Amino acid sequence: MNILDNNKTISRLDPQGVGRSIESLGLQCQQAWEEARKIKIPKSYSKVDNILINGMGGSGLGGHIIKSVFTEKIKVPFEVINSYTLPGYVNSHTLYIISSYSGTTEEPLNTFNEARRRGAKILVISSGGTLGRWAKKYKLPGYVFNPRFNPSNQPRMGLGYSVAGQLAMLKKCGHVNISDNEFKKVINVIVSLHKQFGTGVTAPRNKAKQLALKLKNRIPIIIGAEHLSGNAHAMANQLHENSKTFTPYYLISELNHHLMEGMQFPPSNVRSLMWVFIESPLYLQKIQKRFKITKRVLDKYKVSYLNYSVRQKARLAQVFEVLVFGSYVNYYLAILGNVNPSLIPYVDYFKKELKK
């Protein structure tokens, strides 16, 4: 039996329930959408000159995903940072979203007082912690959630709260336009995808398991573009933390201006690298052409690559399709590596050392 079809092995390696967190993504989205849209947000938050989101690691992924999907629709400059400090432009006309799943992430917390001093319009999103207490103390609007549908309690596996929660707040502020019915369709898509990629679907019929098997003992290079750029970032992040696998990501067309010359050395690239192209028929035709030519270049180098072509029709539905697919791929790769996908011992070690 393929190890990925052995439920006993999966349960043994995943006692914290990362798999159950993936299965609960739709429930996370539903909870966050219903709760966050009820938040009272001052009307002044609709009249801003720019939007800034600050979040680290898994807490920052939602911002990157939202920016990728809505960057052409949001009418003011929109930036995502991962920083101890604020850009110089932040002022009373800035909508500043502080994102920390735990509520204790030191980088965004370090900006809190400075953001208040500059008069920024602050929104918070967190499960509590210090950030949740500060939001209550200073009577700041935001979404402080109970992550009851994220049993692993890992921020990177609670992206339903991050994406849906921030989308609902941005909609409330008038910065994104997405209907309840449209988001309900997205949740239905998520539920249907578990029937394609979930643990109960055997490897011969499961594209996520098939990709994980091909990535074993390889260095994945995730390639995305346009509205799926944030997905490439998220997939790489989850492969790092869940699969413990070194995974860079690049975006077309930017990579075509430098990475085309970067495959020659070391010679081990031919054996070790596996590019993963996330493809969409909604990409610009020029971008789709670049994907094809990029593959031709890799053929010349004899570097391996794989494709994942999204099937959903709408942009936001495609984003969640890739999010579900990528989550399962990194989960299965962790199982193949015989590692617990939840534990992050070196991240935890690093945080402890910082406190000394």
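Provide a single number: the residues in segment 5-44 that are closer than 26 Å to Val339 by Cβ, small (Gly, Ala, Ser) and in a helix (DSSP H, G or I).
Adding up the residues that qualify gives 3.
Search segment 204-228 for residues being surrounded by fewer than 22 Cβ atoms within 10 Å (Cβ to Cβ) and assigned to a helix (DSSP H, G or I), and hand back the single one that is nearest to the chain's Cα centre (by Cα).
Ranking the qualifying residues of segment 204-228, first place goes to Glu226.
Identify all residues within segment 260-287 that are over 17 Å from Ser229 (Cα atoms), hydrophobic (A, V, I, L, M, F, W, C) and either assigned to a helix (DSSP H, G or I) or modelled with pLDDT under 95 (or both); write none if there are none.
Met260, Val270
When Ser192 is evaluated against the numbered criteria (1) farther than 18 Å from Val310 by Cβ; (2) surrounded by fewer than 20 Cβ atoms within 10 Å (Cβ to Cβ); (3) of a type in the set (Gly, Ala, Ser), which criterion, by number, is the only one it fails?
Condition (1) is where Ser192 drops out.
So Val48 clears everything in (1) β-branched (Val, Ile, Thr); (2) at pLDDT 95 or above; (3) under 17 Å from the mean Cα position of the chain (by Cα) except one condition, right? Which one?
(3)
Quick one: in segment 157-180, which of the residues that are touching a Leu at 6+ places or on another chain (Cβ under 7 Å) and buried (at least 24 other Cβ atoms within 10 Å of the Cβ) is nearest to His233 (Cα to Cα)?
My answer is Leu159.
Looking at segment 53-126, what helices (runs of 4 or more DSSP H) fall wholly within it and have at least 3 residues that are over 27 Å from Asp348 (Cα atoms) and not acidic (Asp, Glu)?
The helices (runs of 4 or more DSSP H) meeting that bar are 58-70, 112-117.
Which of (1) at pLDDT 95 or above; (2) part of a loop (DSSP other than H, G, I, E, B); (3) more than 19 Å from Leu343 (Cβ to Cβ) is the odd one out, the single condition Met1 does not satisfy?
Of (1) at pLDDT 95 or above; (2) part of a loop (DSSP other than H, G, I, E, B); (3) more than 19 Å from Leu343 (Cβ to Cβ), only one is false for Met1: (1).
Looking at (1) under 21 Å from the mean Cα position of the chain (by Cα); (2) touching a residue at least 24 places away in the same chain (Cβ under 8 Å); (3) surrounded by 16 or more Cβ atoms within 10 Å (Cβ to Cβ), which is the only condition His240 fails?
(2)
The values are calculated or read from the model by the stated rules, or taken from the named source; none is laboratory data. None of the values given here were measured: they were computed from a predicted structure. Every residue, glycine among them, receives a Cβ derived from its backbone with ideal geometry; neighbour counts consider all protein chains shown.
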